[in-house]
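*Asks:* Handing you this structure, nothing more for now.
Read the figures in this text as sums done on the coordinates, not as results from a lab. As the structure is a computational prediction, the values presented were derived from the model and not from experiment. Virtual Cβ from ideal backbone geometry, glycine too; neighbours counted across all protein chains shown.
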Ligand code: PGA
């Protein structure tokens, strides 16, 4: 299989004021002192901080992502932000279909597919999130749920270049719980096989599949070394550079 360079992306969610940008200054300093060879690093602060974050990260190699977007390019849509605007603010990627948006805002697979296509339209990478709820997990429906989400929310035009998949069990997000490495291996293998059916082997074999849900410095090494895990989407532990850098150290000797 093609060697895939991992990606560790930090999702700040609805956290962060101007003062939090200090964390990015510190992250830049850490990565300049101890660069990562095997993984790319990305930070997804709230939209309000994107352009200031872009200034801080310019030339650092640390990528900048947004957390959501409108599927539409412009117009009378009060409060919405287009992918073109996010690109203009300095983002190179967008998280779409995070479970907090699927659940809190009723986002459907079809809408998430449109948002991913909107990311491509503006030249941005789409990080498409999938994951089962605790109810699905308990009922043994994880793989069926994931198949439906992948079929419904990954655009036909998705390529390994433009798209990253993030597997985030809803019950693991912010809970301190994680699946076992065996379960993660099974699910990531299933996602790779499903992408193969949907997109063909040349794309699926090179596409990054991230694990997300309570990734911490203490469990990062075990989770990130699982087969078909090509990095992590990190929430809570991305807010402090000391924690985030601890996770990145899984890629250091
Ligand atoms: P968490 O969040 O790391 O705080 O569990 C992960 C996510 O929702 O992306």
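*Asks:* Would you check which residues across region 87-107 are away from the ligand (no atom under 12 Å from the Cβ), in contact (Cβ under 8 Å) with a residue 24 or more places away in the chain and outside any strand (DSSP E or B) and list them?
*Replies:* Within region 87-107, 87, 89, 90, 91, 92 meet the criteria.
*Asks:* Among what's in region 235-253 and is touching a residue at least 24 places away in the same chain (Cβ under 8 Å) and not in a helix (DSSP H, G or I), pick the residue that is nearest to the ligand (Cβ to nearest atom).
*Replies:* Among those that are touching a residue at least 24 places away in the same chain (Cβ under 8 Å) and not in a helix (DSSP H, G or I), it is 235.
*Asks:* When you scan region 128-162, how many residues do you find that are under 14 Å from residue 108 (Cβ atoms) and exposed (fewer than 15 other Cβ atoms within 10 Å of the Cβ)?
*Replies:* 2
*Asks:* Going by the conditions given, is residue 80 without any contact (Cβ under 8 Å) to a residue 60 or more places away in the chain and part of a loop (DSSP other than H, G, I, E, B)? Outline the logic, then answer.
*Replies:* On the way: without any contact (Cβ under 8 Å) to a residue 60 or more places away in the chain: yes; part of a loop (DSSP other than H, G, I, E, B): yes.
It is true that residue 80 is without any contact (Cβ under 8 Å) to a residue 60 or more places away in the chain and part of a loop (DSSP other than H, G, I, E, B).
*Asks:* Examine region 31-48 for a residue that is farther than 20 Å from residue 250 by Cα and over 15 Å from the mean Cα position of the chain (by Cα), and state whether such a residue exists.
*Replies:* Yes, region 31-48 has at least one match.
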